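What follows is one structure encoded as structure tokens, with my remarks underneath.
The values are calculated or read from the model by the stated rules, or taken from the named source; none is laboratory data. All values derive from a computational prediction rather than experimental measurement. Heads up, the Cβs are rebuilt from the backbone with ideal geometry, glycines too, and the neighbour counts pull from every protein chain shown.
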Amino acid sequence: MEQGYEKVWTGCLAVIRDNISQNAYNTWFAPIRPVRLNKNILTLQVPSQFFYEWLEEHYIDLLKKTIKKELGPNGRLEYSIVMDNTCHANQPQPFTVHAPTLNKKALKNPPISMPVEMSHEPKGVHGLNPFVIPGLKKLNVHPQLIDSYNFDNFIQGDCNRLARSAGIAVGQNPGKTSFNPLLIYSGNGLGKTHLVHAIGIEVKDHYPEKTVLYVTAEQFTNQFIDSIRNNNQNDFVHFYQMIDVLIVDDIHCLAGKPKTQDVFFHLFNQLHQNGKQIIITSDMPPVEMSGIEPRLLSRFKWGLSADLQVPDFETRIAILQKKIHNDGVEMPQEVLELIGSKIKTNVREMEGALISILAQSSMNKKDITMKLAASVIDKFVKNAPREITIDYIQQAVCKYFDLPLDKMKSASRKRETVQARQLAMYFSKIYTKSSLAVIGNKCGNKDHATVLHACKTVKNLIDTDKRFKKYVAELQNIIKIV
Ligand code: ADP
Ligand code: MG
């Protein structure tokens, strides 16, 4: 037989269901369990502190109305929070909090229909706010941080000095330094993701009560799209507004997504205004990002932009040593040096080669010799997808025409030199994401109009000059098999 409290709650749910979206209902009301009805006080069990705060923040009016309808004008609510075992293993369970239905808004403007009952207010250091429960985290947001991506494991070198020390400063004083936002940029596999996780972990170490969240720009975009689809955009925005330290990885992925940029822009302003810390990463400095709205770009420039460069040989070896030390394996120093000398521009690839060598040796029960290492690295280097850079294109073109690099970059107007320079510009435009200004700058300090002109000239020559067309086709093949 249905208990009294179940009947009351079923009545409430019927009204609630009619007033909110199905998705909001499933998210916030379906998990609630009624547990008790004592006189006119209905006790609801909710799965977390966060859940409780969310209900109080967003659904208080609706809850008040329905309780009043079911239990009369003196009806009240209490919450029993049963914490999730996995996150709060050492919390006493169940944890019951007696909380009158009252939030900050209600304090300023006491509701007539719900008498304010202060007798259950938890006493103690938390002063006026009756809802702060000692020993519980304010929010139950999982920060999504990877433990091993910490500062201890992040090797310092000339390549990352500024970014690393700015990161430590932000980690120790989030929102309080002038590095807000902190933008870390670099090419692929050079440690952006690792560094921003380390900052998040540093914040958590110093300020366990702060809400830290790591998301990729792609996750952010998908959550936003889902919220539109499910008609709970407000929940999405509110959720992000509660974060103290927001880390968004690979922000360049927002390029060409004006709606997501728009919502991120407003969120950025709100968090920034409230002294919250924003950390973002990108594959370009703000000046070179394309497809991002100018107003957002200008925000990115407010704080500090710091890059991660390709580590030098010593740093590469130190990274490899740290890695094998952490994994508890051994490898001859000369093998590490071989990896470090063959793979130069991407730490992730270097680690990939290291893992492949270990795997080969253990699967085939062979010792790690230079021969084994060389064969693995060889395959690895050949198969690894490489990024085509302006520098690489310039070298390929110069080698093809047997022209010294500095000559190509000089102001020489000699026909062969001009042609090689124009081809380097043309291929850079096609194969890299760099702007015309950057390409011009790298190809002998020319402006963007010169690059545009070069691209047009090359296209014309391909159509009219057979020999030139052959050069282009051959060069294209060379460049594409980097
Ligand atoms: P990105 O986000 O720039 O593409 P990641 O942060 O994913 O690069 O780094 C790729 C790999 O290289 C990770 O496993 C990371 O731990 C490692 N790595 C990069 N830089 C360093 C460093 N300075 N010290 C230690 N490990 C590093
Ligand atoms: Mg990354």
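Okay, here's what the table says:
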{"item": "Residue within the stretch 307-321 that is within 16 Å of ligand 2 (Cβ to nearest atom), farther than 21 Å from residue 165 by Cα, outside the structural domain of residue 202 (by TED's automatic domain parsing) and buried (at least 16 other Cβ atoms within 10 Å of the Cβ) present", "result": "no"}
{"item": "Residue 61, sole failed condition from (1) surrounded by fewer than 16 Cβ atoms within 10 Å (Cβ to Cβ); (2) more than 23 Å from residue 238 (Cβ to Cβ); (3) at pLDDT 75 or above", "result": "(2)"}
{"item": "Residue list for the stretch 418-477, restricted to those being in contact with a Cys (Cβ under 6 Å, 6 or more places away or on another chain) and not small (Gly, Ala, Ser)", "result": "421, 425, 426, 429"}
{"item": "Breaking point among (1) without any contact (Cβ under 8 Å) to a residue 24 or more places away in the chain; (2) assigned by TED's automatic domain parsing to the domain that holds residue 468; (3) of a type in the set (S, T, N, Q), for residue 364", "result": "(2)"}
{"item": "Number of positions in the stretch 309-335 that are among the polar types (S, T, N, Q) and closer than 17 Å to residue 345 by Cα", "result": "2"}
{"item": "Residue ID - farthest from residue 248 (Cα to Cα), chosen from residues in the stretch 183-197 that are touching a residue at least 60 places away in the same chain (Cβ under 8 Å) and more than 6 Å from ligand 1 (Cβ to nearest atom)", "result": "187"}
{"item": "Single residue of 347, 381, 329, 335 found to be buried (at least 17 other Cβ atoms within 10 Å of the Cβ), among the β-branched types (Val, Ile, Thr) and farther than 25 Å from residue 285 by Cβ", "result": "335"}
{"item": "Test for residue 200: is it among the small types (Gly, Ala, Ser), away from ligand 1 (no atom under 11 Å from the Cβ), outside any helix (DSSP H, G or I) and touching a strand residue (DSSP E or B) at 6+ places or on another chain (Cβ under 9 Å)", "result": "no"}
{"item": "Qualifying position, being surrounded by 17 or more Cβ atoms within 10 Å (Cβ to Cβ), under 27 Å from residue 350 (Cβ atoms), in contact with a strand residue (DSSP E or B) (Cβ under 9 Å, 6 or more places away or on another chain) and touching a residue at least 40 places away in the same chain (Cβ under 8 Å), among 252, 272", "result": "252"}
{"item": "Criterion (in a strand (DSSP E or B), without any contact (Cβ under 8 Å) to a residue 60 or more places away in the chain and buried (at least 20 other Cβ atoms within 10 Å of the Cβ)) met by exactly one of 37, 42", "result": "42"}
{"item": "Number of the condition not met by residue 187 [criteria: (1) surrounded by fewer than 19 Cβ atoms within 10 Å (Cβ to Cβ); (2) part of a helix (DSSP H, G or I); (3) at pLDDT below 95]", "result": "(2)"}
{"item": "Options 388, 439, 393, 430: the member that is in a loop (DSSP other than H, G, I, E, B), within 29 Å of residue 190 (Cβ to Cβ) and of a type in the set (A, V, I, L, M)", "result": "388"}
{"item": "Residue count, the stretch 239-282 (criterion: away from ligand 1 (no atom under 16 Å from the Cβ) and assigned to a strand (DSSP E or B))", "result": "4"}
{"item": "Condition met for residue 472 (of a type outside the set (D, E, K, R), crowded, with 16+ Cβ neighbours inside 10 Å, outside any loop (DSSP other than H, G, I, E, B) and modelled with pLDDT under 90)", "result": "no"}
{"item": "Whichever residue in the stretch 171-200 is more than 16 Å from ligand 2 (Cβ to nearest atom) and touching an Asp or Glu at 6+ places or on another chain (Cβ under 8 Å) and, among such residues, is nearest to residue 343 (Cα to Cα)", "result": "171"}
{"item": "The stretch 334-354: number of residues that are in a helix (DSSP H, G or I) and either of a type in the set (Lys, Arg) or away from ligand 2 (no atom under 14 Å from the Cβ) (or both)", "result": "14"}
